[in-house]
Amino acid sequence: MFHNEIPQLRQQAYVNGKWVDALDKSTQSVFNPATGERLGAVPQLGVQQIDDCIEAAEAAFYHWREVPVRERCALLTAWFNSIKAERKRLARILTLEQGKPYAEALGEIDYAASYIQWFAQPALLDIGAALPYGQQPLDMLVTSEPVGVCAAITPWNFPAAMITRKVAPALAAGCTKIVKPAPDTPFTALALAELAAQVGIPAGVLNVVTGDAQVIGERLTQSSRVRKLSFTGSTAVGRSLMAACAPTLKRLSLELGGNAPFIVCADADLDAAVDGAIAAKFRNAGQTCVCANAFYVADSVYDDFAQRLTDRVQQLQLGTGDQPEVTVGPLINRAALHKVEQMVTDAIQHGGEIRCGGKRWRDHGNWYLPTVITEVDASARCVQEEIFGPVAPLVRFIDSSTLLQQLRVQHAGLAAYVFTQNIEQIQRFVRQLEVGMVGINSGLISDAAVPFGGIKASGMGREGGRQGIEEYLETKYIKLNN
Ligand code: ADP
């Protein structure tokens with residue numbers, strides 16, 4: 001499908017409208033997770049270069065915020081159009097560095113573009129009021145302003161969408177942005193920046209820096225010029241970034257790890273539940289923060305659901321993303337593979353029975369077979385922690401009240417899925433699940449128009465929807481006497 005032709009990769013960082021190498025020429029290699037082959041390298045920028053980038057983003061901010069909203073949104077629309085025009089090339093880059101099947105990569109590019117389209121609506125900035133409480137009319141006004149220079153630190157599981165949903169609302173609001181993509185997947189980010197430059201988004205407004213995560217993280221968090229950090233990644237790193245932002249009191253959006261329960265009630269439509277399970281668990285080889293983690297299945301339908309799910313999982317096609325029949329790609333790296341292996345071993349020690357998969361596939365690349373494990377005890381690691389791999393553990397439950405109590409103890413609070421036809425059950429689950437997002441009879445919940453995010457250890461803030469732009473705005477109150 002790729003005709004053996006590797007798309008050109010931008011192998012420089014993008015700072016203040018220029019493509020740059022590290023001053024000392026040091027680089028960081030990027031590998032194809034399906035084959036282990038080296039794809040290229042990006043610069044490992046030095047401290048001074050990061051500081052210069054922050055300064056440039058600040059200088060650009062004072063111009064950009066004066067650009068009328070409709071012009072800012074028109075530039076975003078032009079960026080959206082160019083991404084759509086280049087979607088196949090971008091998807092190929094994405095598959096090469098991330099591993100997801102090409103059709104899924106195309107889907108991600110469209111999804112990424114949809115955030116730009118959504119936030120390119122000037123009406124989302126139609127925020128403000130004349131309060132009716134004053135002595136005279138119009139003497140108490142409320143308006144909003146852009147936060148300032150914003151930093152984004154993004155993960156490798158959605159190399160395009162995690163960028164656009166942080167960049168588009170910031171730019172629409174009048175903020176400027178410094179993006180640090182994941183070291184595994186910088187090329188998609190750089191390709192997106194290239195298109196932004198081509199459509200005329202001014203120098204310094206969008207910057208992409210590459211290099212050592214810790215060094216870049218320190219410069220971005222310590223700088224008082226950076227007014228906000230938006231981070232998507234692990235809870236551990238999110239926690240340390242939050243602490244690092246405390247001295248400069250930055251605004252924060254943190255989208256951290258999830259552990260989404262997938263609950264199948266006794267009255268569920270099992271065909272729909274299996275469809276939902278495949279979508280929620282095996283998309284991106286199980287490597288999304290809203291992926292279903294463990295499945296809690298009512299005792300009376302447990303065996304039936306387990307059999308149907310196993311049959312479907314055995315039909316999944318593992319392979320390199322350029323093959324059209326492939327539905328599941330590799331894991332991102334060796335560390336991810338080892339973690340999944342350890343979790344499966346632990347599940348077996350906790351009573352788990354492998355129904356399919358349960359082992360590696362191929363020697364080269366980071367492959368793990370799509371796996372179903374039944375009779376897992378709820379104390380197993382794969383139930384308590386985020387798996388981030390193509391492994392579906394099935395836990396039996398008897399009554400939903402006890403299940404809800406058990407789930408309340410979990411630290412994560414991102415998403416949950418419930419399959420049931422009973423309206424009272426639905427209302428109870430919706431109210432009592434301590435998460436930011438609930439899918440009822442649905443395994444796919446993301447959309448640019450809705451507020452995506454979690455509570456508890458899954459973080460704070462929302463991306464997408466109207467809420468997504470509020471994250472980049474400050475409120476200003478004006479008392480106006482004549
Ligand atoms: P994952 O385990 O999914 O890779 P991480 O939280 O480690 O999640 O990574 C998400 C993003 O955070 C990546 O861009 C990574 O480079 C970055 N990152 C990791 N550690 C740090 C750090 N100490 N400071 C700043 N960024 C970091």
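Across the range 301-312, computed HN-Hα scalar couplings (Karplus, 6.51 cos²θ - 1.76 cosθ + 1.60, θ = phi - 60°) run 10, 4, 5, 5, 4, 4, 5, 5, 5, 4, 4, 5 Hz from first to last residue, x flagging Gly and Pro. Full extension of the chain segment joining Gln315 with Ala103 gains 74.6 nm, where the gain is 0.36 nm per residue of separation less the Cα-Cα distance. For Leu206, the residues whose modelled amide H falls within less than 5 Å of its own, excluding neighbours fewer than 5 places apart on the same chain, are Lys177. Across the range 262-294, the residues whose backbone nitrogen lies under 15 Å from the label position 7 Å along the beta-carbon direction of Gln421 are 265-274. Against the main long axis of the alpha-carbon atoms of the chain, helix 102-119 sits at an angle near 40°.
Per residue, the accessible area of the range 181-311 comes to 30 Å² when a 1.4 Å probe rolls over the protein heavy atoms.
Using only C-alpha positions, report the orientation-averaged shadow area of the convex hull of the range 70-175, nm², one decimal.
That works out to 8.1 nm², a quarter of the Cα hull's surface.
When each of the peptides 414-420, 447-453 is scored by the mean number of other C-beta atoms lying within 10 Å of its residues, the order from highest to lowest reads 414-420, 447-453.
Estimated at 0.36 nm per residue, the fully extended path between Asp51 and Leu444 surpasses their Cα-Cα distance by 137.5 nm. Amide H to amide H distances under 5 Å link Cys356 with Val372, where only residues 5 or more positions off or on other chains count and H is placed in the peptide plane. The alpha carbon centroids of the range 393-439 and the range 190-238 are separated by 36 Å. Packing around the peptides 155-162, 422-429, 315-322, taken as the average count of other Cβ atoms within 10 Å per residue, puts them in this order, highest first: 155-162, 315-322, 422-429.
With an a/c value of 1.5 or above and a/b not larger than b/c for the gyration tensor axes a ≥ b ≥ c computed over the alpha-carbon atoms, the range 355-469 is described as oblate.
Given q = 0.08, 0.10, 0.13 Å⁻¹, what are the Debye log10 I(q)/I(0) values for the chain, with equal point scatterers placed on the Cα positions and solvent ignored? Debye intensities relative to I(0), on a log10 scale: -0.49, -0.76, -1.20. Calculated on the alpha-carbon coordinates, the convex hull of the range 1-63 measures out at 124 cubic angstrom per residue. Subtracting the Cα-Cα distance of Gln405 and Val67 from 0.36 nm times their residue separation leaves 116.5 nm of extension gain.
State the percentage of accessible surface on the range 173-258 attributable to carbon and sulfur atoms; use a 1.4 Å probe and exclude ligands, DNA and RNA.
Whole-percent figure for carbon plus sulfur exposure: 56.
Adding -39500 (n - 2.57) for every DSSP H run of four residues or longer, then dividing by how many residues the chain holds, sets the calculated 222 nm ellipticity at -11500 deg cm²/dmol.
Computed from phi, the 3J(HN,Hα) profile of the range 339-355 under the Karplus parametrisation 6.51, -1.76, 1.60 (θ = phi - 60°) reads 5, 5, 4, 5, 5, 5, 4, 5, 4, 5, 5, 9, x, x, 10, 6, 8 Hz, with x in place of Gly and Pro.
The distance between label points at Asp139 and Ile398 comes to 6.8 nm (points 7 Å beyond Cα on the Cα→Cβ vector). Using equal-weight Cα scatterers in the Debye expression, the normalised intensity of the range 65-116 in log10 at q = 0.16, 0.18, 0.20 Å⁻¹ is -0.50, -0.58, -0.66.
Helix 161-173 and the longest principal axis of the Cα set of the chain meet at an angle near 30°. What base-10 log of the normalised intensity I(q)/I(0) is obtained for the range 299-339 from the Debye formula, alpha carbons as equal point scatterers, at q = 0.14, 0.27 Å⁻¹? Results for the range 299-339 at q = 0.14, 0.27 Å⁻¹ read -0.51, -0.86. The angle separating the long axis of helix 270-282 from the principal Cα axis of greatest extent in the chain is about 50 degrees.
The values are calculated or read from the model by the stated rules, or taken from the named source; none is laboratory data. Small disclaimer: the values here were computed from a predicted structure and weren't measured. Don't worry about glycine lacking a Cβ; one is built from the backbone with ideal geometry, like all the others, and counts go over all protein chains shown. With ligands, DNA and RNA removed, areas are computed over all heavy atoms of the protein, side chains included. Shrake-Rupley method; radii C 1.70, N 1.55, O 1.52, S 1.80 Å.
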